[in-house]
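Contents: one structure, followed by commentary.
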């Protein structure tokens, strides 16, 4: 039976960690993820977990310690944000290529410069091709639920890849919301114990982790890793189906909001989707056929499924909460446009970069996006494909 509670996103993640009781938590603090190890340290002090809690000297070291633990056959976790995630860069690639299913909680925050501690996705998007699975949440309930599913996805024998559970820094990490927690025993039964097939301490089957990959083997290892990411799509849906059966809440690759007959659509991620949904409801009441797709799974990217949902639209705005510096749009736009490229009837599509460094995104702003889409659908002219919104004009 679910337990009604009020928690921040950070405490929801720490609670999920406590219920799972990982073998190792290697920590180094950085705003706004610092609360996660703080809460967990209290659980350790109170004897509520028997996790080996390691304080290290940097984010690079925290993920490195997790890799050592995973290679030895342990379930290992950590948390970070912003520059901390960037500092892990080298080790992120090692984790993925070594097929070590660490689960990393990321309270997403803008990267320097200039220095900024507020939310956007520049940190996690900078690591989108590191080989990590990436799950994103709109609210605290989704943060908690994504974490409960994370270990089963990452540790599945057809996947064995590390995974990021991403939340919006301060917006969901620190804001307190009503949430449904599950009972400890039910969570433990759902997640299960970690029983890797092969690991360093298994004397019956000696192996090396992270060996030098000569040219005769490197590509085969990379292809196997790519196939594992493809396999993750089915595993994500299978785990979500079992989650719905067990706890009653439904998840997929993305949420389609009022998309059944939508002519104008927005593709968006995270907490901003809640604001945009309010705009969609207002426009629907006025007779505008507006809809929204909220991406939950960015890696592996659900391109085929997303293209199918968008295929009936006349105009689509992709909302990037990170700047790709490609002079052609942000990362979510690149993935979405690529997915729709071979559709026989493609919607007109534009990219809008917004919300950088915590800049506000309002219902009025969301309505203005749909206003632009109405004009595109009416005239067939997109105007600039790549624009910014919310900044002060010169």
Positions within the stretch 39-61 being in contact with a helix residue (DSSP H, G or I) (Cβ under 8 Å, 6 or more places away or on another chain) and assigned to a helix (DSSP H, G or I), in sequence order: 39, 40, 43, 59, 60
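Being part of a loop (DSSP other than H, G, I, E, B), more than 23 Å from residue 118 (Cβ to Cβ) and either touching a residue at least 60 places away in the same chain (Cβ under 8 Å) or not assigned by TED's automatic domain parsing to the domain that holds residue 320 (or both) is the filter here; which residues of the stretch 341-381 pass it? Walk me through how you get there before you give the answer.
Of the residues in the stretch 341-381, the ones part of a loop (DSSP other than H, G, I, E, B) are 341-347, 354-355, 359-362, 380-381.
Now drop any that are not more than 23 Å from residue 118 (Cβ to Cβ), which leaves 341-347, 380-381.
Result: 347, single match.
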Single residue of 112, 80 found to be touching a helix residue (DSSP H, G or I) at 6+ places or on another chain (Cβ under 8 Å), closer than 25 Å to residue 298 by Cβ and at pLDDT below 95: 112
Which of the residues belonging to the stretch 63-88 are surrounded by 24 or more Cβ atoms within 10 Å (Cβ to Cβ) and over 23 Å from residue 195 (Cβ atoms)? 79, 80, 81, 82, 84, 85, 88
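Residue by residue through the stretch 165-179, note down the ones that are outside any loop (DSSP other than H, G, I, E, B) and within 20 Å of residue 123 (Cα to Cα).
Taking the stretch 165-179 and keeping what is outside any loop (DSSP other than H, G, I, E, B), we get 165-168, 176-179.
Matches in the stretch 165-179: 165, 166, 167, 168.
Considering only the stretch 65-156, give the helices (runs of 4 or more DSSP H) lying wholly within it that have at least 2 residues that are over 23 Å from residue 236 (Cβ atoms). It would help to see each step written out before you state the result.
Values: elements: 82-87, 89-97, 122-126, 140-155.
Output list reads 82-87, 89-97.
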Report the residue count in the stretch 9-30 for those that are buried (at least 22 other Cβ atoms within 10 Å of the Cβ) and assigned to a strand (DSSP E or B). 3
In the stretch 31-50, the residues that are closer than 20 Å to residue 82 by Cβ and surrounded by fewer than 19 Cβ atoms within 10 Å (Cβ to Cβ): 31, 38
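Listed residues 243, 254, 170, 190; which is in contact with a strand residue (DSSP E or B) (Cβ under 6 Å, 6 or more places away or on another chain) and crowded, with 18+ Cβ neighbours inside 10 Å? Spell out how you get there, then give the answer.
Details: 243 fails: in contact with a strand residue (DSSP E or B) (Cβ under 6 Å, 6 or more places away or on another chain); 170 fails: in contact with a strand residue (DSSP E or B) (Cβ under 6 Å, 6 or more places away or on another chain); 190 fails: in contact with a strand residue (DSSP E or B) (Cβ under 6 Å, 6 or more places away or on another chain).
Unique residue meeting the criteria: 254.
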The residue from 290, 317, 377, 366 that alone is surrounded by 21 or more Cβ atoms within 10 Å (Cβ to Cβ) and over 24 Å from the mean Cα position of the chain (by Cα) is 290
In the list 200, 264, which residue meets the criterion of being touching a helix residue (DSSP H, G or I) at 6+ places or on another chain (Cβ under 6 Å) and either in the same structural domain as residue 120 (by TED's automatic domain parsing) or at pLDDT below 95 (or both)? 200
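The values are calculated or read from the model by the stated rules, or taken from the named source; none is laboratory data. Everything numeric in this text was worked out from a predicted model, so none of it was measured. For neighbour counting, all protein chains shown are included, and Cβ atoms are generated from backbone atoms with ideal geometry for every residue, glycine included.
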